[in-house]
Amino acid sequence: MAMLMSITALSVDSMIPALGQMTKDLNVTNANDIQLVISAIFFGISFGVVIYGPFADSYGRKKAIYVGVSIFLLGTLIAIFSTSLNMMLLGRVIQGFGSASCRVVSLAIIRDKYEGREMAKIMSLIIMVFIMVPALAPLIGQTILLFAGWQAIFWFIFFFAVAGVTWMHFRQRETLAFENVRSFSFKPILYGMIETVKHPISLGYTFASGTMFGAFVSYLSSAQQIMQVQYNLGELFPIYFGILAIAYGISSYINSKLVARFTIEQVCFFFLVLQSSLSLTFVIVSFFNGGNLTFELFYFYQMANFFCLGCLFGNFSSMALQPFGHMAGLATSVITSIQTLLAVLVGGSIARLYNGSVQPMIAGFFLCGAVTLFIFLKLRSQSLKQKS
C-alpha cells in the first residue's frame, strides 16, 4: 500500500529536474508553460478521487486499483511518446486520474483490515514513505538524466507502478466484505457533493486548505526554474529540494504532538499568523533587493514556510471532515477533489507569474496565507456564535 500510494509523489517530484530538458525537446517557447507538466497531474487527481471510492465499494478494492493503475500506465505511455506540450499534458492529466485510485483505495484497504492502534501503526509506515519519496524522487530523476533522457524517468515510473500492482495482486487479498458491497451509482456522489458544499464550516475549511495547497503547488511548479536555473544549483538541486521535503515531514510529525497538547484551532491560528508574517517580511525584503533574495535567505524562508505548512494541511482537512462522520469516505473524496482542483487553479496562476525573481512566489504565499487566515477567523467567529 505504501508503494502504491507513493506513485503520485514519484510522478510529480522525479520529473522536476527534467523540466529544463523537456522545455527544449517539446519546443516550449514560453518557459513558464512547462510548469503545467507538474500542475496537470493534480488536475487529473481532482476528478479521479470522487470516482474510485464508490467504484471500490461496488466492484472491489483490487479491481479499482487495477483500473486506476491501468489508466495511469496509459497516461505514462502517452507522456513517454509525447512530441508536443499538449500531448504531454494530456498524458499527465490521465496519469493523475489513474493514480487517484492508489491514494483513495489504499486507504480503504487499510481501513478494511485494521482499526485503532493497528491502523495507526500502518499509517506510520505510509507517512514515513511520504517523507522519503519527495526527498528521494528528484535525486532519482536527476540520476536517470545523467545516463538517459527524460523519457527514461517515465519508464522508471511505469515499471514502479507495474511492480506495485503486481505485488498487490499476489500478496493482498480482496478486503471488501460481501455484506458491504454497494451498487455503483453517481447519485451518492452528487448528494455527497451537495451536502458537503452546503455545510458552511466544512466548505470554508476546504477552501482554506485548497488555498494553502495552491501555494505549495506554485512552489512545485516553479522550483526547477528558481532553484536549478535562477540560483544555478545545477545537479545539487535534488538535494536541496529533498531537504525541504524532509522539513515538511518533520513538521507533520511535530504537529501530531502539538494537537495532543493544544486544540487544532490554536495550532492553526499560530502557524497561519507565523506563515503570513514570515511571507510578508520576505516580500518586503525582496522588494528592497530588486525582487530577489540571496539563496541563503530564500532557503531559510522556505524551510520556515514548509514547517508552517506541515502543521496546517492535515489540520484543515480534519476540520473540514468533522461534520461528516456518517459519510466520511464519500466526504473525503469530495473534499479532496475540491481542495485539489482549487490548488491547481491557485498554484498554477501564481507560478505563471514567475519573472526571473522569487518575489511573485513569496507574494503568492503571503496572499494565500492571508486569505486562509481571513477564512479561518471568519469560521471561528461563526462557530463561536453557534455555540453561544
Those aspartates and glutamates that a straight Cα-Cα span of less than 20 Å connects to K63, excepting residues fewer than 8 apart in one chain:
D112, E174, E179
Could you size up the charge dipole of the chain around its Cα centre, putting +1 on the beta carbon of Lys and Arg and -1 on that of Asp and Glu, and report it in debye to the nearest 20?
880
A correct Karplus calculation of ³J(HN,Hα) over the range 274-291, with 6.51 cos²θ - 1.76 cosθ + 1.60, θ = phi - 60°, whole Hz and x for Gly and Pro, returns 4, 5, 5, 5, 4, 5, 4, 4, 6, 4, 5, 4, 5, 4, 7, 10, x, x
Measure of size requested: the Rg and Dmax of the chain, with Cα atoms as the atom set and Å as the unit; please supply both.
20.5, 65
Please give the contour-minus-distance gain from K113 to S381: 0.36 nm per residue of separation, less the Cα-Cα distance, rounded to one decimal in nm.
92.5 nm
Would you list which aspartates and glutamates come within 17 Å of K187, measuring only between C-alpha atoms, while excluding same-chain residues fewer than 8 positions from it?
D57, E195
Can you compute the label reach from E235? Point 7 Å from Cα along the Cβ direction, backbone N cut-off under 20 Å, restricted to the range 1-21.
14-21
Mean ellipticity per residue at 222 nm, deg cm²/dmol - from DSSP H runs of n ≥ 4 across the chain, formula -39500 (n - 2.57)
-27500 deg cm²/dmol
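Readers should treat all values here as calculations from the given coordinates under stated rules, not as data from a laboratory. This structure is a prediction, so every number in the text was calculated from the model and none was measured. All Cβ positions, glycine included, derive from the backbone under ideal geometry; neighbour counts span all protein chains shown.
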